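The values are calculated or read from the model by the stated rules, or taken from the named source; none is laboratory data. Everything numeric in this text was worked out from a predicted model, so none of it was measured. These area figures cover heavy atoms from the full protein model, side chains too; ligands, DNA and RNA do not enter into them. Shrake-Rupley method; radii C 1.70, N 1.55, O 1.52, S 1.80 Å.
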Amino acid sequence: HLFPDDRVVLIAEEQRTIRCAKGLRVVPDFDFASAPALDVVLVPGGQGTRREVSNAKLIEWLRGVGASCEWVTSVCTGALLLHEAGFARGRRVTTHWAFVQTLRERGDVTVLERVRWVRDGNLVTAAGVSAGIDMALWLVGQIYGVDVARKVQRGNEYDRAPP
C-alpha cells in the first residue's frame, strides 16, 4: 500500500445511509460529533449542495474542522459550501461551469472559469468530477511527492485525453 497509515473517511451530520440524487447510497463512517481530526477535508459537489449551503450545522462543522486542516478542498459545487463557511471569501476558486455565476453572486470571491482546478494557499477547488481527479493527483504530489502521485495515476490508468 502506498498510504499504509492514511485512511479516507466519509463524514455526515448523522451516521445514517444517504441516498444520492441518482440513487447511489453511501454510508458515513462518522457523524460530526464522532469524526476524527483531519489533515484534508474534501467537500463534494452535486445537487445536495444547493440545500446544504443553508445547513447551519454543516457549515459550522466545516468551518471548525477546516480551520485545522492542512488542505481545504472541494469538487464542483462543493465550493459553494466552502464559500458559506468562509474559506473561499476573498480568494480565487473554481466550480462547475454551470454554477460560476451563482458562486460569483455570493460575493467576495474570484471565480475562475475554464480551469480544471485552482489553488489559493491551502484552499484547492476543482471544477467537476474529472477535474477533481486532476486536483487529487496534484494534492497527492504535494503531500507525498510527485513519484507517489505518478504511481497513483498509473495504478488508476488515468490519462486524461479529451475526445
Item to check | Among beta bridges that DSSP assigns inside region 69-147, antiparallel share in %, nearest 5 | outcome: 40 percent
Next on the checklist: So if each residue of separation counts as 0.36 nm, and I subtract the Cα-Cα distance between THR110 and TRP97, what length gain in nm does that give?
Outcome noted: 3.3 nm
Item to check | Rg to Rh, two decimals, where region 23-71 supplies the alpha carbon set and Rh follows Kirkwood | outcome: 0.96
Next on the checklist: So if each residue of separation counts as 0.36 nm, and I subtract the Cα-Cα distance between ALA161 and VAL27, what length gain in nm does that give?
Outcome noted: 45.0 nm
Checklist entry - Evaluated at 10 °C with a viscosity of 1.306 mPa s, what Stokes-Einstein diffusion coefficient in µm²/s does the chain have when Rh comes from the Kirkwood expression over alpha-carbon pairs? => result 97 µm²/s
Checklist outcome for this item: Whole-percent carbon and sulfur contribution to the accessible surface of region 1-62 (1.4 Å, no ligands, DNA or RNA) stands at 52 percent
Checklist entry - Of all DSSP beta bridges located in the chain, what percent are antiparallel, nearest 5? => result 35 percent
Next on the checklist: Using a probe radius of 1.4 Å on heavy atoms only, what accessible surface per residue do you get for region 105-163? Whole Å² is fine.
Outcome noted: 64 Å²
Checklist entry - Between region 47-75 and region 103-163, how many Å separate their Cα centres? => result 18 Å
Next on the checklist: Kirkwood hydrodynamic radius, computed over distinct alpha-carbon pairs, for region 51-114: how many Å, to one decimal?
Outcome noted: 11.8 Å
Checklist entry - With the other protein chains left in place, how much accessible area per residue, in square angstrom, belongs to region 1-54 at a 1.4 angstrom probe? => result 76 Å²
Item to check | Hz values of 3J(HN,Hα) by residue in region 28-45 - Karplus curve (6.51, -1.76, 1.60), Gly and Pro given as x | outcome: x, 7, 9, 9, 4, 5, 9, 5, x, 5, 10, 8, 9, 10, 10, 9, x, x
